[in-house]
Amino acid sequence: MKSEKISSKELFSAIDELYQEKGITKEYLIESLKLALEAAYKKNYDTNETIVVDVKDDSIKVYAVKEVVKEIEDKNTQITLEEAKKITKRAKIGDTVNIEVTPKNFGRIAAAAGKQIMVQRFREAERDLVLTQYSDKVNQVVVGVVQRTDKFGTIVDLGRVEAIIPPKEQIKNEELKTHQRIKAYVESVTDSGKYGPQIVLSRKSPNFVKRLFEIEIPEIIDGIVEIKAVAREAGSRSKVAVYSNDENVDPVGSLVGKKGMRIQPIIDELGGERIDVVPYSDDAPSFIINALAPAPILAIDINDEEKQATVVVPDEALSYAIGAGGQNARLAAILTGWNIDIKTETQIKEVVVE
């Protein structure tokens, strides 16, 4: 069969475009093209021949692979030694030879069927690429642009892929606007089958607050200061417990900064959410007292076995200790991992008198 050099600008342009924009290796794309065209050839010419497609220098050629035999039993897969020597003089029984069988109209078939099958493989490769890249970003903070919001959540463009912030992972009463640039915490990355990778983001997670500080504060980046715990009611208030590995470095001051300059960008990112930064301590009473700030504590009694703490505060400080709607006490309990019962001086005296 007469050879024809096939050049499909459309196909090779697609390869270059996907290579440059999607980051899929050119070698993989070429192999995908070969497999696609082999399938297209067999389908269009209704043959069970073993064939290979050679893609080189923007040209495509098809070869039938045949075994060299003494007597032919299957002309689709075999060739005589005499015919094989016309292709290569070194041919011998048992060898395989490639015979060009490129059809004259294969360029059209390649541009149609080949491209269709390639697109499917490209999508699979891109899905795998996204899964690999973003699986490494789980528990990290990413930056994206808000695309739209519907009943399923807010869609965020991360560049190569879209992610979603489900309603349950959004900050209460926060309105994310289209084209707004935001940061979010990568909660999970899963393969949802035909719908491709699903990247779930969160702006509600306590880990989001923790990661924001870990990105912004030099002392945390250098390992001098550590965030030991975070308790959060997203959109309202967070408590962050910090510890310094250097006695000369104030952990609270490191996070807050002079006149709040370090913490303010994080508060702004969280829509004005209040953030209390408190010193962490291995000593449970001290940590609980710190966690209840700004309330003054007169006394504390702890039950290690039940992780129960009873805290005594001045009568006039009860509202500070409990907080609006019990929030301060609730966050302190989450932060420390202790059950905290807050009593006033008067309540304690009444118990003693009884």
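The values are calculated or read from the model by the stated rules, or taken from the named source; none is laboratory data. This is a predicted model, so every value here is computed, not measured. Quick reminder, even Gly has a Cβ in these numbers, built from the backbone with ideal geometry, and neighbours come from all protein chains shown.
Tabulated results
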{"quantity": "Count - residues of segment 39-51 that are surrounded by fewer than 14 Cβ atoms within 10 Å (Cβ to Cβ) and outside any helix (DSSP H, G or I)", "calculated": "3"}
{"quantity": "Residue among Glu82, Glu71, Glu67 that is within 24 Å of Leu35 (Cβ to Cβ) and either over 46 Å from the mean Cα position of the chain (by Cα) or at pLDDT below 85 (or both)", "calculated": "Glu67"}
{"quantity": "Arg181 vs. criteria among the basic types (Lys, Arg), touching a strand residue (DSSP E or B) at 6+ places or on another chain (Cβ under 6 Å) and loosely packed, with under 13 Cβ neighbours inside 10 Å", "calculated": "yes"}
{"quantity": "Wholly enclosed strands (runs of 3 or more DSSP E) of segment 84-202 bearing at least 1 residues in contact with a helix residue (DSSP H, G or I) (Cβ under 7 Å, 6 or more places away or on another chain)", "calculated": "96-100, 141-150, 153-157, 181-191, 197-202"}
{"quantity": "Selected residue (only one of Ile334, Ile340, Ile266 is of a type in the set (Val, Ile, Thr), touching a residue at least 40 places away in the same chain (Cβ under 8 Å), buried (at least 16 other Cβ atoms within 10 Å of the Cβ) and in contact with a Phe, Trp or Tyr (Cβ under 7 Å, 6 or more places away or on another chain))", "calculated": "Ile266"}
{"quantity": "In segment 234-263, the residues that are closer than 24 Å to Lys137 by Cβ and assigned to a strand (DSSP E or B)", "calculated": "Ser238, Val240"}
{"quantity": "Pair list, Cβ < 8 Å and 6+ apart or interchain, from segment 119-146 residues that are closer than 30 Å to Phe213 by Cβ to residues that are in a helix (DSSP H, G or I)", "calculated": "Asn139/Asn207; Asn139/Arg211; Gln140/Arg211; Val141/Phe208; Val141/Arg211; Val141/Leu212; Val141/Ile215"}
{"quantity": "Segment 289-347, residues that are of a type in the set (Val, Ile, Thr) and in a helix (DSSP H, G or I)", "calculated": "Ile289, Ile322, Ile334, Thr336, Thr346"}
{"quantity": "Filtered residue count, segment 194-206, keeping only those that are touching a residue at least 12 places away in the same chain (Cβ under 8 Å) and within 20 Å of Gln133 (Cβ to Cβ)", "calculated": "7"}
{"quantity": "Where Ala309 falls short, out of the listed (1) touching a Leu at 6+ places or on another chain (Cβ under 8 Å); (2) closer than 30 Å to Lys204 by Cα", "calculated": "(1)"}
{"quantity": "Hits in segment 264-288 - residues which are of a type outside the set (Gly, Ala, Ser) and part of a helix (DSSP H, G or I)", "calculated": "Gln264, Pro265, Ile266, Ile267, Asp268, Glu269, Pro285, Phe287, Ile288"}
{"quantity": "Residues that are within 13 Å of Tyr41 (Cβ to Cβ) and either of a type in the set (A, V, I, L, M, F, W, C) or in contact (Cβ under 8 Å) with a residue 60 or more places away in the chain (or both), drawn from segment 56-103", "calculated": "Ile60, Val62, Ala64, Val65, Glu100, Val101, Thr102, Pro103"}
{"quantity": "Selection count where residues are assigned to a loop (DSSP other than H, G, I, E, B), buried (at least 22 other Cβ atoms within 10 Å of the Cβ) and not β-branched (Val, Ile, Thr), scope segment 205-233", "calculated": "0"}
{"quantity": "Inter-residue pairs, beta-carbon under 9 Å, first in the same structural domain as Tyr185 (by TED's automatic domain parsing) and under 21 Å from Asp250 (Cα atoms) and in segment 214-240, second of a type in the set (D, E, K, R) and modelled with pLDDT of 95 or more, 6+ apart", "calculated": "none"}
{"quantity": "Residue in segment 148-157 that is closer than 30 Å to Arg211 by Cβ and touching a residue at least 40 places away in the same chain (Cβ under 8 Å) present", "calculated": "yes"}
{"quantity": "Meets criteria (in contact with a helix residue (DSSP H, G or I) (Cβ under 9 Å, 6 or more places away or on another chain) and assigned by TED's automatic domain parsing to the domain that holds Ala324) for Pro296", "calculated": "yes"}
